[in-house]
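The values are calculated or read from the model by the stated rules, or taken from the named source; none is laboratory data. All figures in this text were calculated on a predicted structure; none of them were measured in a lab. Glycine gets a Cβ as well: all are built from the backbone with ideal geometry, and neighbour counts include every protein chain shown.
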Amino acid sequence: MILLLVIIMVGPFVWMVSTSFKKSSDVFTEAPNLLPISKNTGKLYFTVENFKIVLKYGEISKAFINSILVATSATILNLLINSLAAFGFARLNFPGKNIIFMILLSTMMIPFYATLIPMLYITKLLGMYNSLAGLVIPMCASVFNVFLMKQFFQTIPQEMEDAACIDGCSRFGVYWRIILPLSKPVLTVVGITTFIWHWNSYTWPLVLINDPKHYTLPLQLALLVSGSGSRYNYMMAAATMAVVPILIVFIVFQRYLIQGIVLSGLKG
Amino acid sequence: MIKATTREKIAGYLFILPLLVYVGVFLIAPAVMSLFFSMTQWNMRTQPIWIGIENYKELVFNHVKYPYFGHSFWITIKYVLMAVPMGIGSGFCLALLINSVKREKTESFFKVAFYLPVITSSVAVAAIWKWIYDSRYGLLNIFLTKLGFEGQNWLGDARTALFALAVLAMWGCGVTMIIYLAGLKGISPQFYEAAKIDGASALASFWYITLPLLRPVTFFLIVTNVIASFQVFEIIYVLYGAGGGSYGGPNNSTLTYIMYLYNHAFRYGEMGLACAMSFILFILILILTILQFKILPQSYD
Amino acid sequence: MKRLLIFSLVLLMLFGASFASAAEKLVFWAYEPDEYIQRDIMANIIKDFEKTFSDVKVEIIYLPKGDFETKLITAMAVGEGPDIFYLDQPLVSKFAADGVILNLSSYMRAKDFEKNMFLSGPLNTCEYNGAYYGLPISQTAVALIYNKDLVSTPPKTWDEFLKIAKAVYKEDNIAAFGVPSGDGWGAWIFPAFVHAAGGEMVDQTGKKAVFNSQAGVDALELWVELLKYSPRKILDSANSFETGHVAMIINGPWMLDHWKNNWPDLNFGITLIPKKTRYATNIGGEDIAIASYCKYPEEAWNFIKFVTNKDHAADLAMVMGSFPTRADTAKDPRFTSDPGRKMFMEQMKYSFARPRARYWLKINDEIISKALREAMAGEKSAKEALDEAAQRANILLQEGSK
């Protein structure tokens, strides 16, 4: 039962990877093969031709670096700005707090395509059109994540703060030294999802960047896909290469999604 | 409630200041501009022409020009009603599954495996699911016929297409899953230990400890999943976008509000109208969210 | 002013590299070609151009074809559009009406420009209100493609079409013809059949829909009839043609490479779409246009003239994966040697352009496709469905011409 579940979840991914090792003629079969099997001989094989061609013509390396720069800086900014704001909403009191929060929430409900062009225009006004900065700054915070973090911060018992702050500490100290370390799970979630979101982001880079030197990976790959038209094996080779970094990020950081709070300090 | 001191007030504002600046410049300003555009006729090549609330009137009343306005609304609502419970339910179950695993390596494996759908390229996702749903030799139909049911033309039949999409959304619940996982991990084991000492059964501690403590998370997930489902785009784009079509699916049964909006913005050259549609959607989601805030329990006290 | 704006933005860029150059620069947006090798061909063409016109530099930027229009529109909306760009045929009249592309008629009247070398079909797609706003660089059309293992002699007329369909149909296994669905694609194919029955989609003025004439009804009824021998269950299955479950389909030359690469064993043939009274098909393809805000219209004109002259037009068409738009390049062996391509070119002799109405895409997607779907689902008779559609289309056609 669980095996079936795993297969369903993992299947498409496996197909993506295995197709990147197939020859064109073996891509389309009556039922998609999860393994690269030759139509003619029925034997297992794999070819790295696809990867070679994508690397040679796809001009991936620059896009790769761009993507890493953008995703990393965006993630760091996001974690910072979002957690600061979430802390403010979760723990501090100030007039208009709830109203401001509702207004912020409502910005999540604005359909993206309507604001696309105005956002583009504003970004251009700020001089960031066609630049990597323009990929980061307009996306450097997220109300979604603020909301998420707020919910989590609110579950941390007040007593922990009070206990650790017996001698008094600044609000920022509370934030930095107590809330953040206790929030590893939610910070991990936000970090991972933000990184992956930025890594795979396509529409905004598409309309923002004119100069191929600044293309990010999905854009570069789309060029490939569009060019190769129907060469699924190239497309999948490119997609596989694109997914490797975020897979690594996920595997590495998911271990922080662990049992968070150890209350030993409170006993007694 | 302790009265907020002035220092706390200032601190509060300072903490949220970067976010406010960002939102003001990059979210609210464009939204206001969009509202302005919604009252114009604008094909993006020329200057927008002011027409006041014409767009809104036409959308609601002109059925020749906009025959699918109400239809797309209805389709979207149907989709949300299916996708949200399914997505949250499966995310929760998967998170529970992962959380119950003892060995760390197995746990890591499951975390990665169940999150893969989220990071798989949407082209690959579309290709594989088109095969699973295939009317002749799709995996699903083969499975069903073995059980004695009749196979369907899942993606090509107007009756099943939307449901098939919702299932796909459920499959991609990885983000919901890890958020739930983070929530589960955040529940101090102390609670469970205390319950065990009091002699509570596993089911009881689940019902009286886990669920209530997860209420903030669940609330968050419901609100955000509703908002996201209303704006579903990518999956319909890749599954029904072939041949330069209008993404409507069989008999327009997958023509959600956003797809309809997108068509008008980028295919028919009616950007002003698309902005009007966005504003209407925004109001609707806003009302819905406020309702959720009033009705749903947000925390465990 | 635009050049100054670009220049200052470049300076502000994160990796501020300065592009100061004495030459005039033109920005050219093109589709990513189908094969990487074709990028080199384009690069050579540009190099040749820059050699001939030494004071101009052309910067070519490739974009994914699927998102080209989105990108173009949004860039122009914020004032960052290119100087020269490909333009899908149906867009030319829209862009021309809005005045964002240059009227090239005066340039084209120059003595050294061989205007009549261009085939009239594609050239007409660049025409709007009596003037020309671009040059055609490629054209394509759809034809009938059949599986030689299932159909030995393809049909030439509608009667033969139905006869063969009945003969080749095998319940649960073989569908006769890939009848288009009642959606945007189907609505695009439909006119080919209407024309084949001698009808038109709109009248001379372009303000009245006439696709509900007898010809239109005949065309739709043909589809309804063919659908009896082509169960949707088979048609909707993935790769049903390639796996030999559909005998005949309608599609375009862009599939040729797909089949060559992914389905080398497919034994297919290409022929003209069966006619009732005349052969007909749609025309598709790209033109190349100059933005009206271009700083150097003279140089831009030189470029597009260069790229479409008889030395380079064939290369360009190859890069696009479709067919040349000049009579002289049409004889290029690259196009005539491949029997498949030759057949498509033959088919293109009978192509009819889309109506150039403002809301045509909408009419296509929402009104015509609805009629097709209703008739094919048996909800309405073909005549009823088309009459209703024509009524609604007329409202939009009227409004669009105001």
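Data table
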quantity	calculated
Filter result for the condition that a residue is surrounded by 22 or more Cβ atoms within 10 Å (Cβ to Cβ) and in contact with a Lys or Arg (Cβ under 9 Å, 6 or more places away or on another chain), over C:219, C:192, C:215	C:219
Members of region C:76-93 that are closer than 13 Å to residue C:354 by Cα and either surrounded by fewer than 23 Cβ atoms within 10 Å (Cβ to Cβ) or away from chain B (no Cβ under 13 Å) (or both)	C:88, C:90, C:91, C:93
Qualifying helices (runs of 4 or more DSSP H) (wholly inside region A:41-125; at least 1 residues being under 20 Å from the mean Cα position of the chain (by Cα), more than 30 Å from residue B:270 (Cα to Cα) and among the hydrophobic types (A, V, I, L, M, F, W, C))	A:60-91
Answer from C:134, C:130 - the residue that is modelled with pLDDT of 85 or more and within 30 Å of residue C:305 (Cβ to Cβ)	C:134
Pick from region A:1-23, criterion among the β-branched types (Val, Ile, Thr) and free of Cβ contacts under 8 Å to residues at least 40 places away in the same chain, ranking: farthest from residue B:97 (Cα to Cα)	A:14
Near pairs, Cβ below 8 angstrom, 6+ apart or cross-chain, from region C:248-273 (touching a residue at least 40 places away in the same chain (Cβ under 8 Å) and hydroxyl-bearing (Ser, Thr, Tyr)) to any residue that is buried (at least 18 other Cβ atoms within 10 Å of the Cβ) and outside any strand (DSSP E or B)	C:271/C:154; C:271/C:343
Residues of region C:336-348 classified as more than 13 Å from residue C:256 (Cα to Cα) and either without any contact (Cβ under 8 Å) to a residue 60 or more places away in the chain or surrounded by 21 or more Cβ atoms within 10 Å (Cβ to Cβ) (or both), total	5
Of all residues making up region C:284-318, the number that are surrounded by 20 or more Cβ atoms within 10 Å (Cβ to Cβ) and touching a Lys or Arg at 6+ places or on another chain (Cβ under 8 Å)	4
Flag for residue C:166 being under 30 Å from residue C:271 (Cβ atoms), assigned to a helix (DSSP H, G or I) and of a type outside the set (Ser, Thr, Tyr)	yes
Residues (of a type in the set (Ser, Thr, Tyr) and under 30 Å from residue B:7 (Cβ atoms)) located in region A:95-139	A:106, A:107
From the options C:287, C:257, residue that is under 23 Å from residue C:31 (Cβ atoms) and in contact with a Pro (Cβ under 9 Å, 6 or more places away or on another chain)	C:287
Qualifying residue in region B:292-301 (condition: among the charged types (D, E, K, R) and in a helix (DSSP H, G or I))	yes
Of all residues in region C:16-26 being of a type outside the set (Ser, Thr, Tyr) and surrounded by fewer than 22 Cβ atoms within 10 Å (Cβ to Cβ), the one that is modelled with the highest pLDDT	C:25
One residue from B:127, B:83 being free of Cβ contacts under 8 Å to residues at least 12 places away in the same chain, under 30 Å from residue A:249 (Cα atoms) and buried (at least 16 other Cβ atoms within 10 Å of the Cβ)	B:127
From the options B:130, B:111, residue that is within 22 Å of residue A:242 (Cβ to Cβ), assigned to a helix (DSSP H, G or I) and facing chain A (nearest Cβ under 9 Å)	B:111
Checklist (1) within 27 Å of residue C:76 (Cα to Cα); (2) in contact with a strand residue (DSSP E or B) (Cβ under 7 Å, 6 or more places away or on another chain) applied to residue C:361, failing item	(2)
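Yes/no per residue for (1) free of Cβ contacts under 8 Å to residues at least 24 places away in the same chain; (2) in contact with a Ser or Thr (Cβ under 8 Å, 6 or more places away or on another chain); (3) not in a helix (DSSP H, G or I):
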site	(1), (2), (3)
B:148	yes, no, yes
B:163	no, no, no
B:195	yes, yes, no
B:203	yes, no, no
B:223	no, yes, no
B:226	no, yes, no
